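Enquirer: I have a structure I would like to understand better, so I am pasting it below and will then ask my questions one at a time.
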Amino acid sequence: MEERIVLCGANAYEQKYYFNEQFANIPDSIKEELHIICVLFTEEVGGIFTVVFEEDGSVSLETDADENDLLYDEVSSGLMVNEIRRNRQEMFEALSLYYRVFILHEELEEKG
């Protein structure tokens with residue numbers, strides 16, 4: 001069974017933001033940046049946007065919409081997800097490392 005954990009997300013329909021308190025130790029500046037990314041995404045594109053840790057520790061950005069939402073644009077949402085991933089690549093890599101070390105308890109390999 002796959003173990004995926006939602007880090008945070010925003011919902012345009014309920015106008016709510018969610019942050020998983022299991023990750024309260026993440027620096028506040030990163031939490032604020034995630035909050036801004038999620039809320040701006042749903043304000044611009046609509047639907048539901050989530051940041052998810054995959055079982056291997058990688059970070060996924062996901063978007064979804066109600067099937068009756070005629071204003072939701074899948075093409076724009078895909079483009080925006082790609083733009084966020086490109087512009088925030090270092091932050092997502094750092095989050096992945098955080099998850100792998102503190103949640104999965106992986107040992108870091110020293111580069112030498």
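The values are calculated or read from the model by the stated rules, or taken from the named source; none is laboratory data. In this text, all values refer to a predicted model and were calculated from it rather than measured experimentally. Ideal geometry is used to build each Cβ from the backbone, glycine not excepted, and the neighbour counts take in all protein chains shown. Accessible surface areas use protein heavy atoms only, side chains included; no ligands, DNA or RNA. Shrake-Rupley method; radii C 1.70, N 1.55, O 1.52, S 1.80 Å.
Enquirer: Restricting attention to segment 79-97, which residues are over 19 Å from Glu62 (Cβ atoms) and open to solvent by less than 70 Å² (accessible area, probe 1.4 Å)?
Expert: Pass one, segment 79-97, residues over 19 Å from Glu62 (Cβ atoms): 90, 94, 97.
If the condition is that a residue be over 19 Å from Glu62 (Cβ atoms) and open to solvent by less than 70 Å² (accessible area, probe 1.4 Å), then Ala94 is the only one that fits.
Enquirer: List the number of the failed condition for Ser76; all other conditions in (1) of a type in the set (S, T, N, Q); (2) open to solvent by 70 Å² or more (accessible area, probe 1.4 Å); (3) modelled with pLDDT under 95 hold.
Expert: Only one criterion in (1) of a type in the set (S, T, N, Q); (2) open to solvent by 70 Å² or more (accessible area, probe 1.4 Å); (3) modelled with pLDDT under 95 is unmet by Ser76, namely (2).
Enquirer: Also, quick follow-up: Residue under question is Ile30, and the condition is that it be under 16 Å from Ser96 (Cβ atoms) and modelled with pLDDT of 95 or more; does it hold? Break it down stepwise before answering.
Expert: On the way: under 16 Å from Ser96 (Cβ atoms): yes; modelled with pLDDT of 95 or more: yes.
Taking the combined requirement at face value, the residue satisfies it.
Enquirer: While we're looking at this one, here's another question. List the number of the failed condition for Val52; all other conditions in (1) modelled with pLDDT of 95 or more; (2) outside any strand (DSSP E or B) hold.
Expert: (2)
Enquirer: If you take the residues of segment 61-73 that are open to solvent by less than 90 Å² (accessible area, probe 1.4 Å) and part of a strand (DSSP E or B), which of them is farthest from Val6 (Cα to Cα)? Even if it seems obvious, please write down each step before you answer.
Expert: Of the residues in segment 61-73, the ones open to solvent by less than 90 Å² (accessible area, probe 1.4 Å) are 61-63, 65-66, 69, 72-73.
Next, from what is left, pick out any that are part of a strand (DSSP E or B): 61-63.
Numbers: Leu61: 10, Glu62: 10, Thr63: 12 Å.
The extreme case among them is Thr63.
Enquirer: Inspect segment 54-63 for any residue being without any contact (Cβ under 8 Å) to a residue 12 or more places away in the chain and within 17 Å of Tyr13 (Cα to Cα) and give the result as yes or no.
Expert: Within segment 54-63 (the criterion being without any contact (Cβ under 8 Å) to a residue 12 or more places away in the chain and within 17 Å of Tyr13 (Cα to Cα)), the answer is no, since none of the residues qualifies.
Enquirer: For segment 1-28, how many residues are more than 25 Å from Gly46 (Cα to Cα) and open to solvent by 30 Å² or more (accessible area, probe 1.4 Å)?
Expert: 8
Enquirer: List the residue pairs whose Cβ atoms are under 6 Å apart, where the first residue sits in segment 96-112 and is assigned to a loop (DSSP other than H, G, I, E, B), the second is at pLDDT 90 or above, and the two are 6 or more positions apart or on different chains.
Expert: Going by the 6 Å Cβ cut-off, the qualifying pairs are Leu104/Gly57; Glu106/Arg100.
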